[in-house]
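As structure tokens, the structure follows; a few thoughts come after it.
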Amino acid sequence: MKKKLIPVALGLLGFITSCAHTNGLTADVFIYQFSDTYIGTVRTALETNLKEKGVTPKFYDAGGVQATQTQQIESALSTGSQILLANLVEQTATGDAVAEKAKAKDVPVIFFNREVPDSSVNPATYPDNAFVGTDPDQAGYMQGEILAGALIKDGAINPLWDKNGDGKINYVMLRADESNAEANGRTKYSVQEANRLLAEAGLDPLVHLGEDYNAGWSKDNAKQAMDNFISTYGLTGANAIECVIANNDDMALGAVASLQTQNYNKGGENALLVVGVDATAAAQAAIDAGEMYGTVKQDAEAMAQCIAELTANKLAGKDFLDGTSYAWDSETVHKIRIPYGSYTK
């Protein structure tokens with residue numbers, strides 16, 4: 001009998017040990033598109049941070065299609081989701097709808113990275129909702145500072161970037177969706193801030209070539225767009241392209257790939273001024289190699305850590321900010337802003 005009882009006791013001990021390490025806390029995490037380089041970094045860090053806090057994440061890839069993501073969210077809610085962590089495809093169009101669906105099931109929501117309307121995280125209406133992201137305009141201002149820092153030298157335009165020697169800088173813009181707050185802020189304020197700083201130095205503003213091109217955050221789309229820009233404006237002459245401003249690093253690197261087919265931006269002085277946003281590993285390597293000038297660091301690890309802390313608190317029945325160092329953006333919204341930084345060689 002004793003010999004028969006030994007494996008039973010060991011089996012029971014294993015079950016108890018397993019229970020001690022598994023508290024049954026789960027989080028459904030909805031990603032707008034797995035292939036996005038920056039959000040992939042957030043996803044990896046978030047998985048680590050959630051597991052460290054005893055929360056098991058389940059990730060969903062919308063593939064950039066809002067209808068797919070909506071179906072994923074509805075399915076999770078119908079099968080008993082404990083909390084939704086939502087990186088929405090279409091931000092302003094779907095934030096309130098997701099908030100309302102979750103509220104009907106008494107499920108909290110943490111929106112992240114992609115801006116949502118204040119109404120989605122208004123504590124008076126949705127006390128169990130929060131947003132973790134950045135100031136959608138700050139990256140644009142910082143891009144402008146990076147551009148001006150590169151362009152202004154000894155009270156004049158730096159001849160390294162002024163390829164045609166006319167004292168002005170011609171630029172093209174690679175942007176993302178017009179419905180995206182981050183894309184709009186980066187597109188508008190990068191140029192506005194650069195021009196403000198150029199004017200303070202008594203210099204002419206940036207010269208916009210053509211129309212902003214929506215490359216949809218994609219490196220491949222950006223390379224094709226840059227190929228077309230080069231075909232239209234060239235890299236020499238009065239209307240030559242001298243600067244590329246991109247809403248993210250993938251698009252900046254797409255432009256670099258195009259330029260390298262023309263023997264530009266290979267690490268020497270024969271280069272256009274190219275700036276992006278995110279400070280991805282690939283972009284940092286390109287900057288260190290002299291293939292790209294600079295980027296704005298969006299701190300993926302800090303964002304993931306914040307999301308994990310808020311998630312653990314909410315699943316434990318606590319207030320979002322209990323025991324954390326974070327603060328809401330204002331008294332009327334549950335929004336937390338993760339600051340940017342700059343990265344140049």
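The values are calculated or read from the model by the stated rules, or taken from the named source; none is laboratory data. Predicted, not measured: the structure shown is a model, and the values here were computed from it. Don't worry about glycine lacking a Cβ; one is built from the backbone with ideal geometry, like all the others, and counts go over all protein chains shown.
With part of a strand (DSSP E or B), within 27 Å of residue 254 (Cα to Cα) and in the same structural domain as residue 305 (by TED's automatic domain parsing) as the only criterion, which of 34, 111, 59, 30 stands out?
Numbers: 34 fails: part of a strand (DSSP E or B); 111 fails: within 27 Å of residue 254 (Cα to Cα); 59 fails: within 27 Å of residue 254 (Cα to Cα).
The conditions single out 30.
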From 20, 102, 67, grab the single residue that is modelled with pLDDT of 95 or more, surrounded by fewer than 17 Cβ atoms within 10 Å (Cβ to Cβ), among the hydrophobic types (A, V, I, L, M, F, W, C) and in a helix (DSSP H, G or I). 67
The condition from (1) surrounded by 15 or more Cβ atoms within 10 Å (Cβ to Cβ); (2) touching a Phe, Trp or Tyr at 6+ places or on another chain (Cβ under 8 Å) that residue 340 misses is numbered (2)
Take the residues in the range 115-160 that are over 30 Å from residue 88 (Cβ atoms) and surrounded by fewer than 18 Cβ atoms within 10 Å (Cβ to Cβ), then tell me which one is nearest to the chain's Cα centre (by Cα). 149
Only listed residue being free of Cβ contacts under 8 Å to residues at least 12 places away in the same chain and closer than 30 Å to residue 23 by Cβ, chosen from 270, 263, 313: 313
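Looking at the structure I just gave you, is residue 312 surrounded by fewer than 16 Cβ atoms within 10 Å (Cβ to Cβ), of a type in the set (A, V, I, L, M) and either outside any helix (DSSP H, G or I) or on the phi < 0 side of the Ramachandran plot (or both)? Before you say what the answer is, go through the steps one by one.
On the way: surrounded by fewer than 16 Cβ atoms within 10 Å (Cβ to Cβ): no; of a type in the set (A, V, I, L, M): yes; either outside any helix (DSSP H, G or I) or on the phi < 0 side of the Ramachandran plot (or both): yes.
For residue 312, the condition - surrounded by fewer than 16 Cβ atoms within 10 Å (Cβ to Cβ), of a type in the set (A, V, I, L, M) and either outside any helix (DSSP H, G or I) or on the phi < 0 side of the Ramachandran plot (or both) - is not met.
Given the criterion surrounded by 22 or more Cβ atoms within 10 Å (Cβ to Cβ) and farther than 19 Å from residue 144 by Cα, identify the matching residue among 281, 300, 238, 285.
Details: 281 fails: surrounded by 22 or more Cβ atoms within 10 Å (Cβ to Cβ); 238 fails: surrounded by 22 or more Cβ atoms within 10 Å (Cβ to Cβ); 285 fails: surrounded by 22 or more Cβ atoms within 10 Å (Cβ to Cβ).
Result: 300 is the single residue among 281, 300, 238, 285 that is surrounded by 22 or more Cβ atoms within 10 Å (Cβ to Cβ) and farther than 19 Å from residue 144 by Cα.
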For residue 318, state whether it is assigned to a helix (DSSP H, G or I) and among the basic types (Lys, Arg). no
Just one of (1) modelled with pLDDT of 95 or more; (2) in contact with a helix residue (DSSP H, G or I) (Cβ under 6 Å, 6 or more places away or on another chain) trips up residue 310, so point out which. (2)
Single residue of the range 162-194 satisfying the filter (crowded, with 20+ Cβ neighbours inside 10 Å and among the polar types (S, T, N, Q)) that is modelled with the lowest pLDDT: 180
Within the range 168-185, is there a residue that is part of a helix (DSSP H, G or I), free of Cβ contacts under 8 Å to residues at least 60 places away in the same chain, in contact with a Gly (Cβ under 6 Å, 6 or more places away or on another chain) and not assigned by TED's automatic domain parsing to the domain that holds residue 248? no
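Among the candidates 277, 256, which residue alone is under 23 Å from residue 221 (Cβ atoms) and part of a strand (DSSP E or B)?
Details: 256 fails: part of a strand (DSSP E or B).
After ruling out the rest, the residue left standing is 277.
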For the range 259-270, name all the residues that are buried (at least 21 other Cβ atoms within 10 Å of the Cβ) and in a loop (DSSP other than H, G, I, E, B). 265
Number of the exception - residue 120 against (1) touching a residue at least 12 places away in the same chain (Cβ under 8 Å); (2) over 20 Å from residue 321 (Cα atoms): (2)
Qualifying residue in the range 286-293 (condition: charged (D, E, K, R), in contact with a helix residue (DSSP H, G or I) (Cβ under 8 Å, 6 or more places away or on another chain) and touching a residue at least 12 places away in the same chain (Cβ under 8 Å)): yes
